[in-house]
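See structure below.
The values are calculated or read from the model by the stated rules, or taken from the named source; none is laboratory data. Since we're looking at a predicted model, the values are computed, not measured. Note that each Cβ is placed from the backbone with ideal geometry, even for glycine, and that neighbours are counted across all protein chains shown.
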Ligand SMILES: Cc1cc2nc3c(=O)[nH]c(=O)nc-3n(C[C@H](O)[C@H](O)[C@H](O)COP(=O)(O)OP(=O)(O)OC[C@H]3O[C@@H](n4cnc5c(N)ncnc54)[C@H](O)[C@@H]3O)c2cc1C
């Protein structure tokens, strides 16, 4: 590769101010929120779809890898340029292009920050549902690529349920529009395929998102437990009762103490665990529902169920939950977060196994997670400056994911596979399953230049037929009671 020639060509296409190449300038684009790091050769900042397509065309001419990047808050190394090449940053494509309230939708560029969509329509009584805890920084393009969730996705679904239509630059530089503004577009569901594809099938350049009406009323409960098992059982009891809260989040004692030290939100630091529960709907009947859910929690051993009396009180509780990852800085220089999913009924067993793994490795683990979805986020506390700890923390994380698989769950709920969990895909899927997925990638990305080294295992053995036998739900009925 003649770097100087490519630099000149990129500058001719975009202008000098939209291309970075000096090591000290591109250093910021070496990493995301996970552990892996790798330096890109160039970082470019296109402003239009045509510019994105021109960059992709140039990369193809030089057989140079290219990968999309939003805000770099990803937690699986998805935006890390593991094979070098061109990072395509969407930082300058951050305009909300159209808001169509009567049809409950908005057209946005991929670099729009998640919370800005809700901010733009909140005054008229609407919002955008997916609310990752990183929503003040992460972008809609990154959300689409990871099929992001968030605390308030339990009742209303994740990004795939709120994406009508996409414009994308395919890996061969062709621009396509996938889906239709109306429901149920004929043909293959290519919007659905693109959502969650982690930037391996193309670069999303425009998104038609769904908006919803704000609920008439919201009640926020904080249920306080002296035993983690009781909190876990309360989660299953609430869902089994037929009540789907708008949010049902859990924090254990380690997480509560970190959050209180950082934000002083009013969580009881002596509790073994708390559940933060949002109930939404019409004003009429909502108090009755809140009382009912409080009673379900008490029946599972909650020592106290508080109800937020004011919006300020509610906001404070949620600020604590949404700032929980950052609050880990109070306890440790670094944290490594896992993203396993399990059937809710297996929560007590899995959390006990996580504790055993914590003792085995000598790492403290805080649990803050989307309990209603069974989407765990064990935060393993360690020191990234110590290479031995880095090696051990990765093994510790893998052990936790294997427990999730053993419980009949999965290795990712919302953070994606990226580089970090690509080898763990062998534990989740058998060879035929993996080959089918790789064939889809090859259909869109035959040269493999679009975000290479992501999602799929590098070990050829993983693709052997029948090497692993993925278990279907009915055979996961082993006794995991304590
Ligand atoms: C404190 C914290 C809390 C978090 N909480 C949550 C949570 O509650 N729920 C949740 O789901 N996630 C959460 N995350 C993870 C992360 O914020 C999400 O995965 C988010 O969607 C990433 O968006 P981003 O803009 O930062 O993308 P990046 O990290 O820049 O990229 C992520 C992936 O998207 C691809 N990509 C980016 N833009 C495009 C595009 N335009 N077209 C195609 N591919 C693209 C990248 O190549 C990469 O593979 C959290 C992260 C942090 C740090």
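Among the residues of region 414-421, none qualifies, meaning not one is at pLDDT 95 or above and not in a loop (DSSP other than H, G, I, E, B). Scan region 100-115 for residues that are surrounded by fewer than 19 Cβ atoms within 10 Å (Cβ to Cβ) and either part of a helix (DSSP H, G or I) or in the same structural domain as residue 280 (by TED's automatic domain parsing) (or both) and the total you get is 1. Please tell me if residue 129 is over 30 Å from residue 63 (Cβ atoms), assigned to a helix (DSSP H, G or I), touching a helix residue (DSSP H, G or I) at 6+ places or on another chain (Cβ under 8 Å) and within 14 Å of the ligand (Cβ to nearest atom). Against the criterion (over 30 Å from residue 63 (Cβ atoms), assigned to a helix (DSSP H, G or I), touching a helix residue (DSSP H, G or I) at 6+ places or on another chain (Cβ under 8 Å) and within 14 Å of the ligand (Cβ to nearest atom)), residue 129 does not qualify.
Just one of the listed residues (244, 238) is at negative phi, touching a residue at least 24 places away in the same chain (Cβ under 8 Å) and more than 24 Å from the chain's Cα centre (by Cα), and it is 238. Residue count for region 137-155, restricted to those that are touching a strand residue (DSSP E or B) at 6+ places or on another chain (Cβ under 7 Å), more than 6 Å from the ligand (Cβ to nearest atom) and assigned to a loop (DSSP other than H, G, I, E, B): 2. Within region 55-75, the residues that satisfy the criterion of being more than 8 Å from the ligand (Cβ to nearest atom), crowded, with 19+ Cβ neighbours inside 10 Å and either closer than 28 Å to residue 131 by Cβ or free of Cβ contacts under 8 Å to residues at least 60 places away in the same chain (or both) are 55, 58. Is it the case that some residue within region 378-391 is in contact with a helix residue (DSSP H, G or I) (Cβ under 6 Å, 6 or more places away or on another chain), part of a helix (DSSP H, G or I) and surrounded by 21 or more Cβ atoms within 10 Å (Cβ to Cβ)? Checked against the condition, which is being in contact with a helix residue (DSSP H, G or I) (Cβ under 6 Å, 6 or more places away or on another chain), part of a helix (DSSP H, G or I) and surrounded by 21 or more Cβ atoms within 10 Å (Cβ to Cβ), region 378-391 yields no hits at all.
Name the residues in region 410-454 that are in contact with a strand residue (DSSP E or B) (Cβ under 7 Å, 6 or more places away or on another chain) and away from the ligand (no atom under 16 Å from the Cβ), would you? 428 - this is the single residue of region 410-454 that is in contact with a strand residue (DSSP E or B) (Cβ under 7 Å, 6 or more places away or on another chain) and away from the ligand (no atom under 16 Å from the Cβ). Which of the residues that make up region 135-190 are on the phi > 0 side of the Ramachandran plot and in contact with a helix residue (DSSP H, G or I) (Cβ under 6 Å, 6 or more places away or on another chain)? Those that are on the phi > 0 side of the Ramachandran plot and in contact with a helix residue (DSSP H, G or I) (Cβ under 6 Å, 6 or more places away or on another chain): 147, 173, 179. Is it the case that residue 49 is on the phi < 0 side of the Ramachandran plot and touching a residue at least 24 places away in the same chain (Cβ under 8 Å)? Yes, satisfied. For the criterion of being under 20 Å from residue 47 (Cβ atoms), assigned to a loop (DSSP other than H, G, I, E, B) and more than 9 Å from the ligand (Cβ to nearest atom), residue 173 passes.
Out of all the residues in region 219-231, which are under 25 Å from the mean Cα position of the chain (by Cα) and more than 17 Å from residue 349 (Cα to Cα)?
Once the filter is applied, which keeps residues that are under 25 Å from the mean Cα position of the chain (by Cα) and more than 17 Å from residue 349 (Cα to Cα), region 219-231 yields 220, 221, 222.
Screening 91, 79 for residues that are assigned to a loop (DSSP other than H, G, I, E, B), within 11 Å of the ligand (Cβ to nearest atom), surrounded by fewer than 19 Cβ atoms within 10 Å (Cβ to Cβ) and modelled with pLDDT of 95 or more leaves exactly one candidate, 91.
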